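Enquirer: Before I ask anything, let me first share the structure, which is written out below as structure tokens.
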Amino acid sequence: MDKNSNLLVVSAHAADFVWRGGGVIAKYAKHANVSLVILSYGARGESNDLWNIEGQTLENVKKARHEEIEEAVKQLGVTDYEIWDYEDYHMEMNSERMDRLVKKIREVKPTDILTHGPKDAFNPDHEAVSKFVFEASVLSTSNGVRLDGYATAKQARLFGFEPHQSEISDFKPEVILDITETYEQKEAAMNCFAAQPHLIDYYGSRAKLRGNHARRCSGEKEYRYAEAFTRFFPYVGGEFI
Ligand SMILES: [Zn+2]
């Protein structure tokens, strides 16, 4: 990765990008470029602990999650981020939303897009977002999809997050990236999400487990923490990498 690499991250809910890609996102923020789109606050589906507070309101939940996001992106070194504030659980996509994402892709011209993988056994929003982002990436390349002022983009490579229940969601790591360099930043970003404290240990252990796989598959002993992803398209290049 270098300054010509543009990573566009599309996260369904407030914290998905941190649990599942925070280490890699921090690396891109450090060495390349990151644009982050958070489609919803996850107020209905991923803020259970906040709803245990007496007299809680949707507005307050969103406010709390907004503050958490602001703190988390700071920890990851991400400055270019947008929260589109769509309703979650259930998240519905329409043509207006599709045009908005196509415009975003054409504006950012990502070399890589990181979002949810196609299967997530217990989270229909994640599956809907996976399909939405895949379609937008394809539409962004088509000359016939006319959006004034937005020239077509080159097809970006697409990568999918590891879902929460990996095996139940038929997840198989296809790409494992070392995040040892930025793991502390990921940990600090995870600690920003008070609404989901049980996930901090869980994803800390996951990063260690994938670190073990990273060492075993590569022989690189210095890899301590890693994140795993799927890829939507085969690797294409002039040599094996
Ligand atoms: Zn989510």
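Enquirer: When the convex hull of the C-alpha atoms of segment 69-194 is computed, what volume per residue in Å³ does it have?
Expert: On the way: hull volume 17.3 nm³, N = 126.
That works out to 137 Å³ per residue.
Enquirer: Calculate for the chain the 222 nm mean residue ellipticity that helices alone would give, adding -39,500 (n - 2.57) per DSSP H run of length 4 or more and normalising by residue count, nearest 500 deg cm²/dmol. List each step's numbers first, then the result.
Expert: Numbers: 7 runs with 98 residues, N = 241.
Value at 222 nm, helices only: -13000 deg cm²/dmol.
Enquirer: Using θ = phi - 60° and the Karplus relation 6.51 cos²θ - 1.76 cosθ + 1.60, list the HN-Hα couplings for segment 10-27 in order, rounded to whole Hz, with x at every Gly or Pro.
Expert: 10, 10, 5, 10, 3, 10, 3, 5, 7, 4, 9, x, x, x, 5, 4, 5, 5
Enquirer: What is the extension gain from Ile241 to Arg100, computed as 0.36 nm multiplied by their sequence separation minus the C-alpha to C-alpha distance, in nm to one decimal? Before the final figure, lay out each step's value.
Expert: Details: separation 141, 0.36 × 141 = 50.76 nm, distance 3.43 nm.
Length difference between fully extended and current span is 47.3 nm.
Enquirer: Given 0.36 nm per residue, what is the gain on full extension from Lys74 to His213 after removing their alpha carbon distance, in nm?
Expert: Working: separation 139, 0.36 × 139 = 50.04 nm, distance 2.90 nm.
Net length gain for the segment: 47.1 nm.
Enquirer: To continue, here is another question. Using only alpha carbon pairs under 8 Å that are at least six residues apart, calculate the relative contact order of the chain and give it in whole percent. Each step should come with its number before you reach the end.
Expert: Details: 444 pairs, mean separation 58.2, N = 241.
Reported as a whole number, the value is 24 percent.
Enquirer: Students often check this: by mean Cβ neighbours within 10 Å, which of 141-151, 194-204, 3-13 ranks highest, and how do the rest follow? Working shown, then result.
Expert: Values: 141-151: 10.5, 194-204: 15.5, 3-13: 21.7.
Ranked by mean Cβ neighbours within 10 Å, highest first: 3-13, 194-204, 141-151.
Enquirer: Too long at a 30 Å Cα-Cα cut-off: which of Lys3/Lys186; Lys30/Lys109; Lys3/Lys63; Lys154/Lys208?
Expert: Numbers: Lys3/Lys186 21 Å; Lys30/Lys109 19 Å; Lys3/Lys63 34 Å; Lys154/Lys208 35 Å.
Beyond 30 Å: Lys3/Lys63; Lys154/Lys208.
Enquirer: At q = 0.08 Å⁻¹, work out log10 I(q)/I(0) for the chain with the Debye formula, treating every Cα as an identical point scatterer and leaving solvent out; two decimals please.
Expert: Once normalised to I(0) and log-transformed, intensities are -0.29.
Readers should treat all values here as calculations from the given coordinates under stated rules, not as data from a laboratory. Please read these numbers as outputs of a predicted model, since none were measured by experiment. We place every Cβ from the backbone using ideal geometry, glycine too, and count neighbours over all the protein chains shown.
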